[in-house]
Amino acid sequence: MGFLASTLVALVALEHIYILILEMFLWTTPYGRKAFGMKPEQAEATKVLAANQGLYNGFLAIGLIWGLLHPDLSVGYQIQLFFLGCVLVAGLYGGMTASRKILFIQALPAAIAILAVLIAG
């Protein structure tokens, strides 16, 4: 797998680890509230849902890391494409239902990484 493709997959994984931290641990802090544009009452009322979302983002990150580290490169390639596809779909859905900026923060990086992986494959 090409260096650029692996780097992009790793960056998408790191982004989802960051989202996990925001949603699971920083949701009600001033930093977390600012990131998601929420008032303290909103953050407090939705913190359990946010933690659940964060956990799912962590699963996406772990899946991407698994794909990068898998000893069988062809299996790792398939794992990466699967999890990047999941990130892309989640980003498209979030962009249509929650906030348009999710298209650029989540879906676009996943789409670019998918292209890079396909080209490198």
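The values are calculated or read from the model by the stated rules, or taken from the named source; none is laboratory data. Keep in mind that what you see is a predicted model, and the values were worked out from it rather than measured. Cβ sites come from the backbone with ideal geometry, for glycine too, and all protein chains shown count toward neighbours.
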Practice task
List the number of the failed condition for residue 75; all other conditions in (1) aliphatic (A, V, I, L, M); (2) surrounded by fewer than 13 Cβ atoms within 10 Å (Cβ to Cβ); (3) within 21 Å of residue 14 (Cβ to Cβ) hold.
Solution key: (3)
Problem - Members of segment 64-104 that are in contact (Cβ under 8 Å) with a residue 40 or more places away in the chain and among the β-branched types (Val, Ile, Thr) - result: 65, 87
Fill in the blank from the handout: Those residues of segment 86-112 that are assigned to a helix (DSSP H, G or I), of a type in the set (S, T, N, Q) and surrounded by fewer than 18 Cβ atoms within 10 Å (Cβ to Cβ) come to a total of 1
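Residue by residue, here is whether (1) out of contact with any Phe, Trp or Tyr (no Cβ under 8 Å at 6 or more places or on another chain); (2) closer than 15 Å to residue 5 by Cβ; (3) modelled with pLDDT of 95 or more holds:
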{"site": "25", "(1), (2), (3)": "yes, no, yes"}
{"site": "28", "(1), (2), (3)": "yes, no, yes"}
{"site": "56", "(1), (2), (3)": "yes, no, yes"}
{"site": "60", "(1), (2), (3)": "no, no, yes"}
{"site": "63", "(1), (2), (3)": "no, no, yes"}
{"site": "70", "(1), (2), (3)": "yes, yes, yes"}
{"site": "112", "(1), (2), (3)": "yes, yes, yes"}
{"site": "116", "(1), (2), (3)": "yes, yes, yes"}
